[in-house]
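Encoded as structure tokens, the structure appears first; notes follow it.
The values are calculated or read from the model by the stated rules, or taken from the named source; none is laboratory data. In this text, all values refer to a predicted model and were calculated from it rather than measured experimentally. Because the Cβ atoms are built from the backbone with ideal geometry, glycine has one as well, and the counts that use them run over all protein chains shown.
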Amino acid sequence: MNYYRKLLTFGLLVALTFSLSAQKGNRKGSVTGASTTEAQASKIIEYTNAVIELNNRQFDRLKDYRSVLKAGDAALERYKRNYDPRFPVSFTQTKYPVPAGYIAQYEEAEKKAPAFPEKAEIVQAVKNARASVAKLDEWSDKMGKYFKETQFTQDNFAQYPTIRDSVEYYLSDSRKMWRIAARCASAVGSEKENIFLKKSKVAPFIIPMKNDLGLMKDIVTELYDSVDDSFQIDKTVLPALKSGLDATNASLKKNEDLKGRNTSALTRIDDYKYFYSKAAECTKYYAKILDGFAVERPDYDRLDSDFRMLSQEYNNLIGIYNHFAERAGK
């Protein structure tokens, strides 16, 4: 089995959800029904943002587990070739925990968030994701001990495939579980943010902008979910991915065009145009990836580079939207 090719796909890790900022200027409470609704919505958004932030930090850490897989494969190859106890393999680290501050932030936000229909589902999704990461840590630690304690001398490497497959399985499962949690949180947060966006003087611009970012999130998520852990894709899904890209491009083109629209309230026109220029960069790399997979013999190094650029541009787009939304709310 070519273990090293399978590692390439872990370069695709990306935070596919975006936190919401427009509510920050609307925290002042009062006794009126409307402001009570806004105050509750603000707390829910704080909670969903905390889920997304924890998801983002966890994805950053999950990328580091590649080093465990690489170290295990290198140790297996070396020891099978010539085992010399004088030169033990170096496993400097097998666990990559998220800083405790992010977990505390999440737990505090969960306590403060009022009840809402999807809360139990999101809380459980986060628990499932954290449990999967705990299993990943468990098997990653077993791999380190397997070589550091020279357990392989007792079974002639018989346990290694099981240990390695388990690390790889829980790495994949952790990514999957965190995406589920983040998607649930993103959907709820987006709905609550609309309470504030509809009152904004730039609502005719920021709401379509947010919808376009949502479309981008959907097609990027669908693409990433279509690529398996050996960096392969079922070519039969390419037409559907292309259709999603075409629909996204059509919406971007429509909403980017300011001709005939009243822009008197849009004091940050350059920011608005910048968002759509970066969105075009995202769709450019997305199209390159689809074309790259469509050929008979894909160039995986080029595809890996294009995925990284798509990830970079997409995350830039999230930042641009959040910046625009926060300033628009003032």
Exercise. Hey, among the residues in the stretch 102-149 that are within 24 Å of residue 92 (Cα to Cα) and of a type in the set (Gly, Ala, Ser), which one's modelled with the lowest pLDDT?
Worked result: 144
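Can you tell which of 210, 148 is basic (Lys, Arg) and within 19 Å of residue 319 (Cα to Cα)?
Residue meeting the stated conditions: 210.
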Problem set entry | In the stretch 260-298, residue nearest to residue 309 (Cα to Cα) [restricted to those that are aliphatic (A, V, I, L, M) and within 23 Å of the chain's Cα centre (by Cα)] | 289
Exercise. If residue 87 passes every condition in (1) crowded, with 19+ Cβ neighbours inside 10 Å; (2) part of a loop (DSSP other than H, G, I, E, B); (3) of a type outside the set (S, T, N, Q) but one, which one does it miss?
Worked result: (1)
For this session: State which residue is farthest from residue 271 (Cα to Cα) when the search covers only the stretch 211-242 and only residues that are modelled with pLDDT under 90 and surrounded by 19 or more Cβ atoms within 10 Å (Cβ to Cβ).
Result: 231
Exercise. Of the residues that make up the stretch 109-117, is at least one more than 30 Å from residue 42 (Cβ to Cβ) and either in a helix (DSSP H, G or I) or in contact with a Gly (Cβ under 7 Å, 6 or more places away or on another chain) (or both)?
Worked result: no
For this session: For the stretch 124-139, indicate whether the set of residues that are surrounded by fewer than 20 Cβ atoms within 10 Å (Cβ to Cβ) and assigned to a loop (DSSP other than H, G, I, E, B) is non-empty.
Result: no
Exercise. Right, residue 97: at pLDDT 90 or above, assigned by TED's automatic domain parsing to the domain that holds residue 190 and surrounded by fewer than 21 Cβ atoms within 10 Å (Cβ to Cβ) or not?
Worked result: yes
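With 186, 230, 251, 190 as the choices, which residue is of a type in the set (S, T, N, Q), in a helix (DSSP H, G or I) and not assigned by TED's automatic domain parsing to the domain that holds residue 56?
251
Conditions tested, residue by residue: (1) within 23 Å of residue 326 (Cβ to Cβ); (2) of a type in the set (Ser, Thr, Tyr).
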| site | (1), (2) |
| --- | --- |
| 165 | no, no |
| 183 | yes, no |
| 192 | yes, no |
| 206 | yes, no |
| 226 | no, yes |
Exercise. Only one of (1) touching a residue at least 60 places away in the same chain (Cβ under 8 Å); (2) under 29 Å from residue 204 (Cα atoms); (3) among the polar types (S, T, N, Q) fails for residue 251. Which number is that?
Worked result: (1)
